[in-house]
Amino acid sequence: MISRQNIINATKQRAGNIGLPILALCWVSFFWGTTWLATKEGVKAMPALQMAGLRLFIGGCLYMIFFLYKKAPLPKGKQRLPILVLALLNFVLSNGMVTLGLKYISSGLAAIIGAIVPLWIVIFSAIRGERLPFQAIAGILLGFGGVCIIFSEHLQDFFNAGFRLGIIFSVAGGIAWAVGSMYTQKKAASFNPYFSLGFQMLISGIVMSGIAQAQGNTIAFTAIPASAWWAISYLVIIGSVLTFAAYIYTLQHLPMALASVYAYVNPVVAVLLGAVILNEPLNGYIALGGAVTIGGVYLVNYAMRRAKK
């Protein structure tokens, strides 16, 4: 017979096992939302690709140093190509494009565009022949409808070349992240995900810094203002190291349905903090459109989870 004390101990153990992953999820949900603001502040003070390359290079070095010190095995054979492809998709293209986009549009608007990544994934899945449930189709329409509500007050801004460029860069970055996510599911090798992340960051940091140098769009290190260094430090420590590590941890210990909650919270955090800290616009169009967009993303995720079951 199982004693009452054994039941209590088992309950405490389950609570302890779920407690840390939930804390990690809360961390990801809030702090990834703040990185939009830090990136926006950084690109105000220095070239976007130089800042992104510097951030990723430093973050990648920190990961590499740690795992080399731990004598983790280096990637071999078939593990190398997925790491290279993910470095190009998830960081050079996705992070690079989004950082360039933030040069021209608000952090809150960029975060909402970033929130529709799950919609791109479902659309690409449909193009590949996957059958979509009716609820997923409704969610896609709802999500893009929310984006239309937001942009209804920005119609005149599309006459501004910089604004158009910011939207194009942000959408392209989201599409690159969606393709990278799909590639991860299908092709990524079974390799230490944290060490792999370090390789991806290091490779992408070198590539993006090289592109910035080739374009001649850089400033001397001594000319980088303190505000940009603070932004880079925040993005390296909070965005690239701690939050990415917490995100991988949540994926390993929580059901995907729960781990994906961060995607709904990030844009809310970015929009609210952008309004409070950076004095970015927050009005009825943004609030309503953001809520509709997030609702559409939730409906798509819910429909796809039910279809898989």
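Kindly indicate which of N283, N301, N266 is out of contact with any helix residue (DSSP H, G or I) (no Cβ under 7 Å at 6 or more places or on another chain) and of a type outside the set (D, E).
Being out of contact with any helix residue (DSSP H, G or I) (no Cβ under 7 Å at 6 or more places or on another chain) and of a type outside the set (D, E) holds for just one of N283, N301, N266, which is N283.
Could you pull out the residue among I175, I149 that is of a type in the set (A, V, I, L, M, F, W, C), within 19 Å of the chain's Cα centre (by Cα) and open to solvent by 20 Å² or more (accessible area, probe 1.4 Å)? Spell out how you get there, then give the answer.
On the way: I149 fails: within 19 Å of the chain's Cα centre (by Cα).
So the residue among I175, I149 that is of a type in the set (A, V, I, L, M, F, W, C), within 19 Å of the chain's Cα centre (by Cα) and open to solvent by 20 Å² or more (accessible area, probe 1.4 Å) is I175.
Conditions tested, residue by residue: (1) open to solvent by less than 50 Å² (accessible area, probe 1.4 Å); (2) under 20 Å from K103 (Cα atoms); (3) touching a residue at least 24 places away in the same chain (Cβ under 8 Å).
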position	(1), (2), (3)
S196	yes, no, yes
I211	no, yes, yes
A231	yes, yes, yes
V241	yes, no, yes
Y247	yes, no, yes
A259	yes, no, yes
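Look through the range 198-209, keep the residues that are among the hydrophobic types (A, V, I, L, M, F, W, C) and buried (at least 24 other Cβ atoms within 10 Å of the Cβ), and return whichever of them is modelled with the highest pLDDT. Step through it out loud before you land on a result.
First, pick out the residues of the range 198-209 that are among the hydrophobic types (A, V, I, L, M, F, W, C): 199, 201-203, 206-208.
Then keep just the ones that are buried (at least 24 other Cβ atoms within 10 Å of the Cβ); that gives 201, 208.
Values: M201: 93, M208: 96.
For the range 198-209, the residue satisfying everything is M208.
Are there any pairs, at least 6 apart or on different chains, whose C-beta atoms fall under 7 Å, with the first in the range 78-104 and over 30 Å from G274 (Cα atoms) and the second outside any helix (DSSP H, G or I), and if so, which?
Note: pairs meeting the criteria are K78/A189; Q79/A189; Q79/F191; P82/A188; P82/A189; I83/P75.
Determine, yes or no, whether W36 is open to solvent by 60 Å² or more (accessible area, probe 1.4 Å) and assigned to a helix (DSSP H, G or I). Don't jump to the end; show me each part of the working.
Working: open to solvent by 60 Å² or more (accessible area, probe 1.4 Å): no; assigned to a helix (DSSP H, G or I): yes.
Spelling it out, it is not the case that W36 is open to solvent by 60 Å² or more (accessible area, probe 1.4 Å) and assigned to a helix (DSSP H, G or I).
State the number of residues belonging to the range 98-112 that are in a helix (DSSP H, G or I) and crowded, with 23+ Cβ neighbours inside 10 Å.
Narrowing the range 98-112 to residues in a helix (DSSP H, G or I): 98-101, 107-112.
After this cut, where a residue has to be crowded, with 23+ Cβ neighbours inside 10 Å as well, the list is 98-99, 101, 107-112.
The number of residues fulfilling the criteria is 9.
The values are calculated or read from the model by the stated rules, or taken from the named source; none is laboratory data. Worth saying up front: this structure is predicted, and the values here are computed from it rather than measured. Heads up, the Cβs are rebuilt from the backbone with ideal geometry, glycines too, and the neighbour counts pull from every protein chain shown. With ligands, DNA and RNA removed, areas are computed over all heavy atoms of the protein, side chains included. Shrake-Rupley method; radii C 1.70, N 1.55, O 1.52, S 1.80 Å.
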